[in-house]
Structure formats: structure tokens, C-alpha cells
1. Among the residues of the range 66-84, is there at least one that is closer than 26 Å to Gly26 by Cβ and without any contact (Cβ under 8 Å) to a residue 24 or more places away in the chain?
2. May I ask you to list the residues in the range 19-37 that are surrounded by 11 or more Cβ atoms within 10 Å (Cβ to Cβ) and farther than 17 Å from Leu100 by Cβ?
3. I need the full set of residues from the range 33-45 which are farther than 14 Å from Ser74 by Cα and touching a residue at least 60 places away in the same chain (Cβ under 8 Å), in order please.
4. Which of the residues belonging to the range 76-87 are surrounded by fewer than 20 Cβ atoms within 10 Å (Cβ to Cβ) and under 14 Å from the mean Cα position of the chain (by Cα)?
5. What's the total number of residues in the range 58-74 that are outside any strand (DSSP E or B) and either of a type outside the set (A, V, I, L, M, F, W, C) or more than 12 Å from the chain's Cα centre (by Cα) (or both)?
6. Going residue by residue through the range 46-65, is there one that turns out to be surrounded by 16 or more Cβ atoms within 10 Å (Cβ to Cβ), touching a Phe, Trp or Tyr at 6+ places or on another chain (Cβ under 7 Å) and among the aromatic types (Phe, Trp, Tyr)?
Amino acid sequence: MKEFKYLGKPTNEPTRKLDLIEWTGGRVAVRLDCNEFSALCPVTGQPDYARLVIEYVPVRFLAETKSVKLYLWSYRDERAFNESLVDRIATDLFEQIEPLWLRVVGTFHARGGISVTASAERGNREHRPS
């Protein structure tokens, strides 16, 4: 069995590297839902809060959820626009997990009376593994 860097071990620091679990099963859709995502406004430095939903169809790997939590935590002090965060997270997770398809949807709390929902997709959901 693979050695995990984060699962079952104490940690007090965020990470940008996921622990991966080998996947040998059939085609499934995985949905991870985080309602405590936060980052900083690039202009004011004020916190932006969001619900982040990550969906993917694995090929060889599943994302271990504790490492996903630590990964999302790594954005807490990051200054970036909401749309850029969603785009960057989608690209990064797609490269690490290597799924058939991945979507990240960020629903950010209202600031100045306007809320932002941004989504980014990578891969092809209709593709069948060979």
C-alpha cells in the first residue's frame, strides 16, 4: 500500500501537492464539496469566502480528501480574483489527479452586493478510457 504524506498524520501546514489513491475501479463521478474556502481580494486584501465544488472522473487516481483540504487551505493567504482562483485550481488538480474530466465551481459570497460564481472544466467528460 502506498505511503501517504498527510493521511493519518498530524499536520499544521497547507500543501500544494495532493496525496493520490490508486484507482482500479470502473467509471465513477467523484464530487468534493468544500463550503469553507477562502482567499484574499487582490486589491483590498479582505477575505473572500466561497463554496468550492470539485467534480472529476478518475482514471488512475483518486484525490485523498485530507490532502485536498490542505491544498485548498494553501489559498487562504493568496491574493487573486475569484475567477483566476477557480481557473488555477482546476488546472492544478487536473494535472495532479489526471482524470478524464474535472470541473471546479466556486460560488463566492457577495461583496458590494454582487456574488460571483465561476466554473472551469478540463478534459472531456464523454471520453471513455481505453
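The values are calculated or read from the model by the stated rules, or taken from the named source; none is laboratory data. Fair warning: this is a prediction, and the values are worked out from it, not measured in the lab. Don't worry about glycine lacking a Cβ; one is built from the backbone with ideal geometry, like all the others, and counts go over all protein chains shown.
1. No.
2. Asp19, Cys34, Glu36, Phe37
3. The answer is Cys41, and nothing else.
4. Passing the criteria: Arg76, Glu83, Ser84, Asp87.
5. Residues meeting the conditions: 10.
6. Looking for residues that are surrounded by 16 or more Cβ atoms within 10 Å (Cβ to Cβ), touching a Phe, Trp or Tyr at 6+ places or on another chain (Cβ under 7 Å) and among the aromatic types (Phe, Trp, Tyr), one finds at least one in the range 46-65, hence yes.
Rundown of residues vs (1) closer than 15 Å to Phe37 by Cβ; (2) not in a strand (DSSP E or B), yes/no style:
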{"position": "Arg76", "(1), (2)": "yes, yes"}
{"position": "Leu85", "(1), (2)": "yes, yes"}
{"position": "Ile89", "(1), (2)": "yes, yes"}
{"position": "Phe94", "(1), (2)": "no, yes"}
{"position": "Pro99", "(1), (2)": "no, yes"}
{"position": "Gly106", "(1), (2)": "yes, no"}
{"position": "His109", "(1), (2)": "yes, no"}
{"position": "Ala118", "(1), (2)": "yes, no"}
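Residues checked against (1) closer than 16 Å to Leu62 by Cβ; (2) modelled with pLDDT of 95 or more; (3) not β-branched (Val, Ile, Thr):
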{"site": "Gln96", "(1), (2), (3)": "yes, yes, yes"}
{"site": "Trp101", "(1), (2), (3)": "yes, yes, yes"}
{"site": "Phe108", "(1), (2), (3)": "no, yes, yes"}
{"site": "Arg111", "(1), (2), (3)": "no, no, yes"}
{"site": "Ser119", "(1), (2), (3)": "no, yes, yes"}
